[in-house]
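**Q** Before anything else, here's the structure in question.
The values are calculated or read from the model by the stated rules, or taken from the named source; none is laboratory data. In this text, all values refer to a predicted model and were calculated from it rather than measured experimentally. Positions of Cβ are backbone-derived with ideal geometry, glycine not excepted, and every protein chain shown enters the neighbour counts.
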Amino acid sequence: MNQQRVAIIGAGPTGCTAALTLNRLGHEAVVFERGDFPRYRIGESFLPGSLSLFNRLGLEEKIEEAGFVKKPSATFLWGKGEVPWTFSFSTPRTAPWVLDHAIQVDRKVFDQMLVDEVRERGIPVHMDTPVTTVDVSDPDRVTVGYRLDGENLEDSFDYVIDAGGSGGPLARQLKKRRYDEYFRSFAIWSYFKKADPFEGDLKGTTYSITFEDGWVWMIPLKGDLYSVGLVVDRSKADEVKERGFEEFYTSTLAKADRAMAILDGAERCDEVRIVHDWSYDSELYSSGRWFLSGDSAAFTDPLFSQGVQMATQSAVSAAAAIDRISTHGEEAEVVHDWYNRAYRETYEKYHEFLSAFYTMASFSEPDSAFWANRRIQDTDDSRVERRRWFDMLVNSEDTTGQSAEEFRDRASTMMSIGRHQRPELSSEFSDDELIPARVRWVADLNKALRSIQRLEWVGQEVLLKPYYKIDPVEFRLLPKQVLANEAGRDMPKWTVDERHQQILQRMQREGIGFKELESALSNAERSEVSSQIIIRLFEAGLLRGFDKNGERVVIQARLRFDGVGTEYEI
């Protein structure tokens, strides 16, 4: 193995995850952190994918010992007059690393634990050491300048990963950041002394609660604390300046009746904080000998707590990419293409997901600046015109069959699956009461699929396209193949081989139905995922289906939580 020396800028979850992954893969990582730990950070609510990665990196025992709040779900009071609904993380344990919960953490404690683990494994971590320059002009090395104990120093590395957050020095130097015109928001938040008022399956859940000026997050933390934040429109910035942080926060939170009911008179116990830099992505996420990961690369919106998940999974992906290039240098360009695509598509998926939920709520909440600016109802909305998901939506007649008018219904479908049986939050809620709705949804999906008597491939050719997948245990980047057409559409979720290509080519020639295709794929040793492959081909715009009357059968694309380049999804 050709060991690489990698500079990592930032010692937060992104940087530490990259360091631990590189160390596991046999490379030398050196971490530079501009500040000192422990230090305060927002981003306390995780998704199961992040916890799964930390466990697979050997942190499971320490996380258990820390006693963080267990997060079983995310609960939404989303849209005025809507019944509460819960996105439960309960799922069959199809692999040892698939989890049915996440955690809520104090980032001062959690991030320090990560840094301690990195050091215990012999990885150098330089605190109070800001990176001042990053020279990536040399095709053979990276030169990093940094300040240590008042002295300006520099060192040479094979690669650099900027995991330095929104202020990452390489990200700023490259000037590749693009701010999003749709999510023009800011967050203002504080903490309340408040024990979790709910027991049972709601204990530990996060809350996202809409009100006239935006929405509220509520996160229960260890020690009977609640993190309570407001996400409001950027147009409120002048009002914050005029009234001050505290008055604006207190008076605006008071408008959120459903959040105030949960707080039930609890007293605020910390200062009010604010962050303005919001949704952005990058024109380029990696090239040559550099990678952007975490908030240095992109940030969408905190509604689904995906920030740390995107950060940690992108860190694993960057480490795996460096490892692959170290032994297969001739693949460097295509590995970078994979990393850039994986990051871009993950950002786009969350962008689409969030846009659908905001649009849905905008029709029930008052027509304030926030909700008026979060509604997508025209096919020429300039704020999202460069988004691939929007282009597919408004030009979908020949692919998915979805229309712009059906866009908000995709959020409504997910809400109906998690809808509570009571109009108010209650400890009587049980995850089991969601089972009938899930069963009905699956039954309706299966009914639609089984009504398909003729399938068409979208395109002239059924192709196998090279792709990469990260091994979920070893974290090595491995070459695979995925199904594609000549127009560039592909379905990267499931990897396939020539047998699957031949089956799809026969389908293309003979126009077989769903049952026949499912059976053929099952016989190709993919029985456990044959129907999932077909559904994904529909979602990718590679399949069309027709019933016995020749009518188009539309399989609604699902909105999913997943990560950057890694095998984890809920």
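**Q** Looking for something exposed (fewer than 13 other Cβ atoms within 10 Å of the Cβ) and of a type in the set (Lys, Arg) - is there at least one such residue anywhere in the stretch 80-91?
**A** The answer is no, given that none of the residues of the stretch 80-91 is exposed (fewer than 13 other Cβ atoms within 10 Å of the Cβ) and of a type in the set (Lys, Arg).
**Q** Identify the residue in the stretch 413-439 that is of a type outside the set (Lys, Arg) and at pLDDT below 90 and, among all such residues, is surrounded by the fewest Cβ atoms within 10 Å (Cβ to Cβ).
**A** We begin by selecting, within the stretch 413-439, every residue of a type outside the set (Lys, Arg); these are 413-418, 420-421, 423-437, 439.
Next cut, at pLDDT below 90 only: 413-417.
On the way: Thr413: 16, Met414: 21, Met415: 20, Ser416: 14, Ile417: 18.
Top of the filtered list is Ser416.
**Q** Right, next: What helices (runs of 4 or more DSSP H) completely inside the stretch 179-284 contain at least 2 residues that are out of contact with any Phe, Trp or Tyr (no Cβ under 6 Å at 6 or more places or on another chain), closer than 24 Å to Met360 by Cβ and in contact (Cβ under 8 Å) with a residue 40 or more places away in the chain?
**A** 257-263
**Q** Kindly list the number of the only condition in (1) at pLDDT 85 or above; (2) out of contact with any Asp or Glu (no Cβ under 6 Å at 6 or more places or on another chain) that fails for Glu405.
**A** Only one criterion in (1) at pLDDT 85 or above; (2) out of contact with any Asp or Glu (no Cβ under 6 Å at 6 or more places or on another chain) is unmet by Glu405, namely (1).
**Q** Just one of (1) without any contact (Cβ under 8 Å) to a residue 60 or more places away in the chain; (2) closer than 30 Å to Pro72 by Cα; (3) touching a helix residue (DSSP H, G or I) at 6+ places or on another chain (Cβ under 7 Å) trips up Asp432, so point out which.
**A** Only one criterion in (1) without any contact (Cβ under 8 Å) to a residue 60 or more places away in the chain; (2) closer than 30 Å to Pro72 by Cα; (3) touching a helix residue (DSSP H, G or I) at 6+ places or on another chain (Cβ under 7 Å) is unmet by Asp432, namely (3).
**Q** Could you count how many residues in the stretch 451-481 are among the polar types (S, T, N, Q) and under 30 Å from Thr21 (Cα atoms)?
**A** Quick first cut of the stretch 451-481, residues among the polar types (S, T, N, Q) only: 451, 453, 460, 481.
Remaining after also requiring under 30 Å from Thr21 (Cα atoms): 481.
So the count comes out to 1.
**Q** Take the conditions at pLDDT 95 or above and surrounded by 15 or more Cβ atoms within 10 Å (Cβ to Cβ) and apply them to Val136. Does it pass?
**A** Against the criterion (at pLDDT 95 or above and surrounded by 15 or more Cβ atoms within 10 Å (Cβ to Cβ)), Val136 qualifies.
**Q** Regarding the stretch 542-549, can at least one residue be identified that is under 25 Å from the mean Cα position of the chain (by Cα) and crowded, with 19+ Cβ neighbours inside 10 Å?
**A** yes
**Q** If you go through the stretch 162-171 one residue at a time, do you hit one that is surrounded by fewer than 21 Cβ atoms within 10 Å (Cβ to Cβ), touching a helix residue (DSSP H, G or I) at 6+ places or on another chain (Cβ under 7 Å) and of a type in the set (S, T, N, Q)?
**A** Checking the stretch 162-171: at least one residue is surrounded by fewer than 21 Cβ atoms within 10 Å (Cβ to Cβ), touching a helix residue (DSSP H, G or I) at 6+ places or on another chain (Cβ under 7 Å) and of a type in the set (S, T, N, Q).
**Q** Which condition breaks for Lys80 when tested against (1) among the basic types (Lys, Arg); (2) closer than 23 Å to Thr327 by Cα; (3) in contact with a Ser or Thr (Cβ under 6 Å, 6 or more places away or on another chain)?
**A** For Lys80, the exception is condition (2).
**Q** So, one more: Against the definition (modelled with pLDDT of 95 or more, touching a helix residue (DSSP H, G or I) at 6+ places or on another chain (Cβ under 8 Å) and not hydroxyl-bearing (Ser, Thr, Tyr)), how does Ala7 come out, yes or no?
**A** no
**Q** I would also like to ask the following. Say we look at the stretch 193-213 and pick out the residues that are under 21 Å from the mean Cα position of the chain (by Cα) and of a type outside the set (S, T, N, Q); which of these is surrounded by the most Cβ atoms within 10 Å (Cβ to Cβ)?
**A** Among those residues, the one meeting the criterion is Tyr207.
**Q** Got at least one residue in the stretch 468-490 being more than 27 Å from the chain's Cα centre (by Cα), surrounded by fewer than 20 Cβ atoms within 10 Å (Cβ to Cβ) and outside any loop (DSSP other than H, G, I, E, B)?
**A** No: zero hits.
**Q** A further question follows. So, Thr495, is that one hydroxyl-bearing (Ser, Thr, Tyr), buried (at least 21 other Cβ atoms within 10 Å of the Cβ) and modelled with pLDDT under 95 or not?
**A** no
Quick grid of which residues meet (1) β-branched (Val, Ile, Thr); (2) in contact with a Gly (Cβ under 9 Å, 6 or more places away or on another chain); (3) closer than 30 Å to Phe54 by Cα:
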site	(1), (2), (3)
Arg476	no, no, yes
Lys480	no, no, yes
Ala487	no, yes, no
Trp494	no, no, yes
Glu498	no, no, no
Ile512	yes, no, no
Glu516	no, no, no
Val529	yes, no, yes
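**Q** Quick test of your reading of the structure: Val442 fulfils all but one of (1) hydrophobic (A, V, I, L, M, F, W, C); (2) without any contact (Cβ under 8 Å) to a residue 24 or more places away in the chain; (3) crowded, with 16+ Cβ neighbours inside 10 Å. Name the failing condition by number.
**A** It is condition (3) that Val442 fails.
**Q** Give the residue, chosen from Leu99, Leu148, Leu153, Leu170, that is among the aliphatic types (A, V, I, L, M), modelled with pLDDT under 95 and closer than 20 Å to Arg5 by Cβ.
**A** Result of the check over Leu99, Leu148, Leu153, Leu170: Leu148.
**Q** Based on this model, can you work out whether Arg147 counts as under 30 Å from Thr129 (Cα atoms), surrounded by fewer than 22 Cβ atoms within 10 Å (Cβ to Cβ) and touching a residue at least 24 places away in the same chain (Cβ under 8 Å)? Before you say what the answer is, go through the steps one by one.
**A** Numbers: under 30 Å from Thr129 (Cα atoms): yes; surrounded by fewer than 22 Cβ atoms within 10 Å (Cβ to Cβ): yes; touching a residue at least 24 places away in the same chain (Cβ under 8 Å): no.
No.
**Q** Where residues in the stretch 356-370 are touching a residue at least 24 places away in the same chain (Cβ under 8 Å) and farther than 18 Å from Trp85 by Cα, which of them is surrounded by the fewest Cβ atoms within 10 Å (Cβ to Cβ)?
**A** Pro366
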